[in-house]
Every structure is written in structure tokens, then in C-alpha cells.
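Below: one structure, written as C-alpha cells.
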Amino acid sequence: MSHATPTTVSTGSLPGHDDVEAALDAAYERFRDLDDGAVVEDVPALADADPDLFGVALVDTAGAEHVRGDARHRFTIQSISKAFVYALVCQEIGHDAVLERVGVDNTGVPFDSVLAIEHNEGHPMNPMVNAGAIAATGLAPGESRAERWDFLVRGLSRFAGRDLEVDDAVYRSESRANQRNEGLALLLEGHGRLSGDALGVVDAYTRQCSLLVDARDLAVMGATLANGGVNPLTREQVVDAPIARDTVSVLTSTGMYERSGEWLFEVGVPAKSGISGGVVMISPGKGAVGTFSPRLDDAGNSVRGRRACSHLARSLGLDLFASRP
């Protein structure tokens, strides 16, 4: 990956408004015509996505918004929901309880693999792979499926600063092809690692992944974590600052599937992706970037999103590991 973009450092604050605008212009124009990658085919309702859509948004911790391209085009949040559900259940039952039940270590295998469970005595290892995310969703409080779903959708909506809705077509499409996730849930249940009815938990997990967002929503949600758990638009404390810190920490090592190490080395900013083409990238204390482009690489990460995030990390000084005397 080219490092030709001028580099600034992670310390301090974001550059001024005009510099941020110029950086988004450059990222959008530079990568809008990139046609590497392919739209996901495993989910029929996602396979019809327009591969040419591309949106970029940045929201800072003061609430300033910068958007380009198709940043208001809605798509389903998919695996990006994992990060925010993890934060919500950590807020509900505590750091130590979720650490013991779900874990934080990278598995080194694909996101839907059963190998990590079998090799670790039923432990899902981290909340950003499907097994760990299902375990985290199972920790949502409530006496019924309806109460547990209400907790999830209200919490995710508070992160976004608006009421989120399920895309019923995607939910139905993914539900019809849910055998692997159901298998993971039953395996976790067999190891005593899942709270609640396994198939009911998978249904809630599928619904949370089917919530509609846009790139600007992702930037707001990420900026909430970057801002110590305070939504920069609504000013609501969605989760406590230590929980926001824990969530960003987990994303640093596990957010981009088995490419997390490469992402951290090349981009240097915590991030999470989803198979519909979304990416959220979080710079603690500064803000967050949300991108959308449906063309994915072979690990399930948006190709244009990755390139745009890398450009913005360097041009805006978001890289956590860059320093200057």
C-alpha cells in the first residue's frame, strides 16, 4: 500500500475544518472509480447492491459533520453492530463478566469458523467473530425475546442518534441461510457459553445485523465511542467512558477479521467492517470515519473503504502509532 500521502500524527486534535474537507475530497475522488473486489454473493438480498456506490463521512467529537458521495445511502449494518452490542452488554453486566464469557483475543481464523471454539474448550475468544458476537447478543437483558430485542435496538439507536429500523428483506434472506450461525450457537450452548435459547439468540443477532444505517450514521456511532461514550450530536451518555475505551481496544486487534493485524500495521486506527460494505474507523478523542462501498476483498472488508480510511488516517493524523518529537 502506498504511503505517499503526507503524514501527520495521532497526538493533538484534528486539523481545521478546511483541511478535513480537503482530505475527504481527496479520499473520495481518489478512490471513487476503484473497481477492485466484488459484492457479497452469499446473501441474495445483499448481492443486488450497486457496486458503484461510495460514501465517506467524518464526524468529530464536537459534532461537526463532513460527508461525501453516497454517505446517506442506507444499507444494513451487519457485523459492525457487533462492536456496539459489545459496548451495550459491557455497560449492562460489566467488563469482567463479558471478558470471562466472550474474550478479547484474535482467533486468526475466518469470522464464521468453528475452529476457535473447538480449540479453546468452547470459548468464542472475541466479540467480533460470529461466535463471540452471538454470545454477546445472548447477554442482552430481558425476560422475553421482545424485551431483549428492545434493549438491543434502543441501544444501537442511541449510538446513532436516531431510531434505527430493520430491513425486513435482508432479515428474511439472512434467516433462510442461518444454519451456520445456528450451529455456532448450539455449539456454544453445548459448552455452557451461551445465555438464553440458542435459536432465539441467533434470531436477535440476525435482526441486529439487518438494521439500516448509512455512512454518516456509522461516523456518529464511532464518534460516540471516540467521545468517551457521549453521542456528539445528542450529547447523551450512551455508555460510560471505560466501556467506550474497552470497545475501541477490542476493535484494535479484532475488528477487521483475520486481516486485523495487517490493518493495524497499514492504517493504525481501530475499525470494524461489515459484509454489506460498511466500515467505521474510530480515532479516540477526535472522531470517527464511516464509509460505504459494496465491493469487498476476500476477507469481507470494503476495498474502497479500506483505501479511503488509510488515506484519511495519514492525512488527518489519526494513526495511533505515528509520533513526532
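Would you check if there is a residue in the range 214-222 being open to solvent by less than 10 Å² (accessible area, probe 1.4 Å), in contact with a Pro (Cβ under 8 Å, 6 or more places away or on another chain) and in a helix (DSSP H, G or I)? The answer is yes, given that some residue of the range 214-222 is open to solvent by less than 10 Å² (accessible area, probe 1.4 Å), in contact with a Pro (Cβ under 8 Å, 6 or more places away or on another chain) and in a helix (DSSP H, G or I). All conditions but one from (1) under 17 Å from the mean Cα position of the chain (by Cα); (2) open to solvent by 10 Å² or more (accessible area, probe 1.4 Å) apply to Arg180; the one that does not is (1).
Would you say Thr291 is within 21 Å of Arg162 (Cβ to Cβ) and either among the basic types (Lys, Arg) or open to solvent by 10 Å² or more (accessible area, probe 1.4 Å) (or both)?
Numbers: within 21 Å of Arg162 (Cβ to Cβ): yes; either among the basic types (Lys, Arg) or open to solvent by 10 Å² or more (accessible area, probe 1.4 Å) (or both): no.
No; evaluated as a whole, the condition is false for this residue.
Residue pairs whose Cβ atoms lie under 6 Å apart, separated by 6 or more positions or on different chains, with the first residue in the range 16-32 and over 28 Å from Pro51 (Cβ atoms) and the second in a helix (DSSP H, G or I), do not occur.
Hey, does the range 271-279 have a residue that's touching a residue at least 40 places away in the same chain (Cβ under 8 Å), surrounded by 24 or more Cβ atoms within 10 Å (Cβ to Cβ), in contact with a Cys (Cβ under 7 Å, 6 or more places away or on another chain) and of a type in the set (A, V, I, L, M)? There is at least one residue in the range 271-279 that is touching a residue at least 40 places away in the same chain (Cβ under 8 Å), surrounded by 24 or more Cβ atoms within 10 Å (Cβ to Cβ), in contact with a Cys (Cβ under 7 Å, 6 or more places away or on another chain) and of a type in the set (A, V, I, L, M). Of the helices (runs of 4 or more DSSP H) lying entirely inside the range 124-212, those containing at least 3 residues that are among the small types (Gly, Ala, Ser) and at pLDDT below 90 are 130-137, 179-190.
Here Thr224 clears all of (1) touching a residue at least 60 places away in the same chain (Cβ under 8 Å); (2) under 12 Å from the mean Cα position of the chain (by Cα) except the condition numbered (2). The one condition from (1) modelled with pLDDT under 95; (2) in contact with an Asp or Glu (Cβ under 9 Å, 6 or more places away or on another chain); (3) within 19 Å of Tyr28 (Cα to Cα) that Ala288 does not meet is (1). Answer yes or no: is there a residue in the range 44-61 that is open to solvent by 70 Å² or more (accessible area, probe 1.4 Å) and modelled with pLDDT under 95. Yes - at least one qualifying residue is present in the range 44-61. With respect to the conditions (1) closer than 24 Å to Leu88 by Cα; (2) out of contact with any Pro (no Cβ under 6 Å at 6 or more places or on another chain); (3) open to solvent by 20 Å² or more (accessible area, probe 1.4 Å), Asp298 falls short on a single one, namely (1).
Per-residue answers, yes or no, for (1) crowded, with 23+ Cβ neighbours inside 10 Å; (2) over 22 Å from Leu225 (Cβ atoms):
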residue	(1), (2)
Gly142	no, yes
Ala146	no, yes
Val153	no, no
Ala160	yes, no
Ala169	no, yes
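From the list Val109, Val114, Val104, which one is surrounded by fewer than 24 Cβ atoms within 10 Å (Cβ to Cβ), at pLDDT below 75, under 29 Å from Arg216 (Cα atoms) and not acidic (Asp, Glu)? Sole residue among the options that is surrounded by fewer than 24 Cβ atoms within 10 Å (Cβ to Cβ), at pLDDT below 75, under 29 Å from Arg216 (Cα atoms) and not acidic (Asp, Glu): Val104.
Modelled with pLDDT of 95 or more and of a type in the set (Gly, Ala, Ser), is that true of Ser293? Yes: the conditions hold for Ser293.
Considering every residue within the range 243-251, establish whether at least one is among the charged types (D, E, K, R) and surrounded by 24 or more Cβ atoms within 10 Å (Cβ to Cβ). No, the range 243-251 contains no residue that is among the charged types (D, E, K, R) and surrounded by 24 or more Cβ atoms within 10 Å (Cβ to Cβ). In the range 63-101, which residues are of a type in the set (Val, Ile, Thr), within 14 Å of the chain's Cα centre (by Cα) and open to solvent by 10 Å² or more (accessible area, probe 1.4 Å)? The answer is none; no residue qualifies.
The values are calculated or read from the model by the stated rules, or taken from the named source; none is laboratory data. This is a predicted model, so every value here is computed, not measured. Every residue, glycine among them, receives a Cβ derived from its backbone with ideal geometry; neighbour counts consider all protein chains shown. Quick note on the areas: whole protein, heavy atoms, side chains included, nothing else; ligands and nucleic acids left out. Shrake-Rupley method; radii C 1.70, N 1.55, O 1.52, S 1.80 Å.
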